[in-house]
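**Student:** Here it is, the structure, as structure tokens.
The values are calculated or read from the model by the stated rules, or taken from the named source; none is laboratory data. Every value quoted in this text rests on a predicted model; they were computed, and no experiment measured them. Cβ sites come from the backbone with ideal geometry, for glycine too, and all protein chains shown count toward neighbours. For the accessible areas, the whole protein counts, side chains as well, though only heavy atoms, and no ligand, DNA or RNA atoms are used. Shrake-Rupley method; radii C 1.70, N 1.55, O 1.52, S 1.80 Å.
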Amino acid sequence: MLTTTTYNREFARDYARRWAFDRNPLFYNFAGIGGDCTSFVSQCVYAGSCEMNYNPVNGWYYSDVGNRSPSWSGVSFFYDFMVTNKGNGPFGIETDETGLEIGDVIQLQNEQGRYYHTLLVTDYASGTYLVSAHTDDAYDRRLDSYQYAGIRFIHILGVREYKKNPETCFYNFYNGISLHS
């Protein structure tokens, strides 16, 4: 049975800060083949939710490089999953900049109208959000230091999950031991 639980924003932020300049050995590094930013943010959101959605058509999951959903590592696919997910896993809404909290997601758009970069909100200071990311690795980088043509914001509302122990899941995942509790 699915229950709706709170998304752990601190776990997502802590994971982002731990792995911002390193790579968790449980995941493939996509930096050389299109970018690692969305996979990294998916890892962060997973750290805060400990629930994947293994639906083969429109899920959000990662088992290995050959067995993952497009939404795990694709910018637009990630957005589509997060704002339309009615099944298990994290879910959210598109919001404006004022609706963001730590652990939420920002995506940047280029001049051709394509969203190309995914960032995790890790703090707020001096009038701007601080973000962490992969590909162009960043740890608490000021959002206003990025150049982009457009931007969208995803506020994670919660997690629909099957009952488990979130502390064990986070500890094992955070330390690169296991994807599952």
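**Student:** How much accessible area per residue does segment 1-103 have, counting only protein heavy atoms and a probe of 1.4 Å, in square angstrom?
**Tutor:** Per residue, segment 1-103 has 45 Å² of solvent-accessible surface.
**Student:** For the chain, which whole percent of the accessible surface, found with a 1.4 angstrom probe, sits on carbon and sulfur atoms?
**Tutor:** 49
**Student:** Something else about it: Need one number: the % of Cα-Cα pairs in segment 1-107 sitting beyond the 22 Å mark.
**Tutor:** Result: 26 percent of Cα pairs exceed 22 Å.
**Student:** Could you run the Karplus curve 6.51 cos²θ - 1.76 cosθ + 1.60 with θ = phi - 60° over segment 32-49 and give me ³J(HN,Hα) per residue in whole Hz, x for Gly and Pro?
**Tutor:** x, 10, x, x, 10, 5, 6, 4, 4, 5, 4, 4, 4, 5, 5, 4, x, 10
**Student:** A follow-up question, please. What residue among Gly87, Gly127, Gly158 has its Cα farthest toward the positive end of the dipole of segment 71-161, where the charges are +1 on Lys, Arg and -1 on Asp, Glu, each on the Cβ?
**Tutor:** Gly87
**Student:** Compute the relative contact order of the chain as a whole-number percentage, counting only Cα pairs closer than 8 Å that sit 6 or more residues apart in sequence.
**Tutor:** 29
**Student:** Take the alpha carbon gyration tensor of the chain, find the square roots of its eigenvalues, order them as a ≥ b ≥ c, and report rounded if a/c is under 1.5; if not, report prolate when a/b exceeds b/c, else oblate.
**Tutor:** rounded
**Student:** Got a sec to turn the phi values of segment 84-97 into Karplus ³J(HN,Hα) couplings, 6.51 cos²θ - 1.76 cosθ + 1.60 with θ = phi - 60°, whole Hz, x for Gly and Pro?
**Tutor:** 10, 4, 10, x, 6, x, x, 8, x, 9, 6, 9, 9, 4
**Student:** Please give the direction-averaged projected area of the C-alpha convex hull for segment 81-181, in square nanometres with one decimal.
**Tutor:** Result: a mean projected hull area of 7.6 nm².
**Student:** Rounded to the nearest 20 Debye, what is the dipole magnitude of segment 34-181 about its Cα centre when Lys and Arg each give +1 and Asp and Glu each give -1 at the C-beta?
**Tutor:** The dipole of segment 34-181 has a size of about 460 debye.
**Student:** Let me ask something additional. By the 4.7 Å beta carbon criterion, which cysteine residues of the chain come out unpaired?
**Tutor:** Lone cysteines by the Cβ rule: Cys37, Cys44.
**Student:** Right, something else. Who wins for biggest fluctuation among Tyr79, Tyr146, Tyr116 in a Gaussian network model of the chain, springs between alpha carbons below 10 Å?
**Tutor:** Tyr146
**Student:** Right, here's the next one. Which longest run of the chain has no exposed loop site in it, a site being trypsin sites (Lys or Arg not before Pro) in a DSSP loop with at most 14 other beta carbons within 10 Å, and the site itself not part of the run?
**Tutor:** My reading of the result: 1-85 is the longest stretch.
**Student:** Follow-up question, since we're still on this one. At 1.4 Å probe radius, can you tell me the per residue accessible area of segment 111-176 in Å²?
**Tutor:** Here the residues of segment 111-176 average 51 Å² of exposed surface.
**Student:** Hey, got a sec? Which GluC sites (Glu not before Pro) in segment 100-181 land in a DSSP loop and have at most 10 other Cβ atoms within 10 Å?
**Tutor:** Here the sparse-neighbourhood loop sites are Glu111.
**Student:** Right, here's the next one. Given springs between every Cα pair under 10 Å in a Gaussian network model of the chain, which of Ala138, Ala47, Ala16 has the largest fluctuation?
**Tutor:** Ala138
**Student:** Summing Lys, Arg as +1 and Asp, Glu as -1, what charge do residues with Cβ under 14 Å from the Cβ of His155 carry, His155 excluded?
**Tutor:** Charge balance in the 14 Å sphere: -3.
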